[in-house]
Amino acid sequence: MIDPYKTLGVTRDADGAAIKSAYRLQAKTSHPDTGGDVDAFSKLTASYELLLDPVRRKIYDDTGFDPQLTDAKDLEGLLILDALVNEIILDERQPGSFDPVSAMRRKLTDKVVNARFHILELERHRGRIRNHIDRIGKRPESDVLGRMLTARCDTIADAIAKAEAEIKVIEQAYAMLDGYSYELETEMQKAAE
């Protein structure tokens, strides 16, 4: 993920004039027409545009993410975490009485386990279909049943690939929780209240 402040070399409290000045200075050397790298210049321009847009800058400052600067994998992970955060918000238990970070990790782990189980089931079905294909006598002029069963195997392969991609996104969301902990209320704190 790109940090627009580092990319431009400005501080978080930089105003519009400082951002423009930093952009112009770096654009002179990083522009492709002056021998600069196209990718680096693209990142520089995206950072400049983000920091000059007050709404996008606020979102970036609050979340650390911007849809235009974040890769798709991070955004998909964020969507999963967003749904889990909504569940925390709706939970009626008192803050401190349960660990929402651990709860999110458990739910993500359960999602991965369920997706892996789903993959195993799909592979089992695909194996049975292949076994049927091997046992069916083929007609010489056209193999309608063989083509239908092969199409089913292809559909299952697509579903397996989709489930594997889902696991990667869930694992990305789980990785985004690294470093977080939650302080539970102790029995002594509860008694003091």
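The values are calculated or read from the model by the stated rules, or taken from the named source; none is laboratory data. A quick note: this is a predicted structure, and the numbers were derived from the prediction, not measured. Quick reminder, even Gly has a Cβ in these numbers, built from the backbone with ideal geometry, and neighbours come from all protein chains shown. Keep in mind that these areas ignore ligands, DNA and RNA; they rest on the heavy atoms of the full protein, side chains included. Shrake-Rupley method; radii C 1.70, N 1.55, O 1.52, S 1.80 Å.
Given a 10 angstrom Cα cut-off, can you work out which residue in K107, K58, K138 is the most mobile in a GNM of the chain?
Of K107, K58, K138, the most mobile in the Gaussian network model is K138.
So what is the accessible area of segment 1-124 per residue, in Å², with the probe set to 1.4 Å?
Normalised by residue count, the accessible surface of segment 1-124 is 63 Å².
In nanometres, what is the gap between the two model label sites at E87 and T63, each 7 Å from Cα along Cα-to-Cβ?
For E87 paired with T63, the spin-label model returns 1.9 nm.
Tell me, what is the FRET efficiency for H132 and T109 to the nearest 0.05, using R0 = 41 angstrom and their Cβ-Cβ distance as r?
Between H132 and T109 the formula returns 0.70.
Would you calculate the separation in nanometres between label points at D71 and A165, each defined as 7 Å from the Cα along the Cα-to-beta-carbon direction?
1.6 nm
For the pair A151/Q94, report the inter-label distance in nm, with labels modelled 7 Å from Cα in the Cβ direction.
6.1 nm
Between S181, S142, S42, find the one with the highest GNM mean-square fluctuation for the chain; connect C-alpha pairs within less than 10 Å.
Comparing S181, S142, S42 in the GNM, the peak value goes to S142.
Past the 25 Å Cα-Cα mark, which pairs from K73/K107; K43/K162; K107/K162; K20/K43? Please report the intermediate quantities before stating the final value.
Numbers: K73/K107 19 Å; K43/K162 30 Å; K107/K162 19 Å; K20/K43 15 Å.
From the list (K73/K107; K43/K162; K107/K162; K20/K43), the Cα-Cα distance tops 25 Å for K43/K162.
Using a 10 angstrom cutoff on alpha carbons, build the Gaussian network for the chain and name the most mobile of L44, L78, L145.
Among L44, L78, L145, the largest GNM mean-square fluctuation belongs to L145.
Compute, for R130, the solvent-accessible surface of its heavy atoms (probe 1.4 Å) with the complete set of protein chains present, and express it in square angstrom to the nearest 10.
120 Å²
Just to verify a number: FRET efficiency for L177 and K6, C-beta to C-beta distance, R0 = 22 Å, to 0.05?
Working from the Cβ atoms, E equals 0.40.
Tell me, what % of the accessible area of segment 1-141 is carbon and sulfur with a 1.4 angstrom probe?
Details: 5210 of 9380 Å².
In segment 1-141, the share of accessible area belonging to carbon and sulfur is 56 percent.
For D13 and D33, calculate 0.36 nm times their separation in residues minus their Cα-Cα distance, and state this gained length in nm to one decimal.
The span from D13 to D33 would gain 4.1 nm if fully extended.
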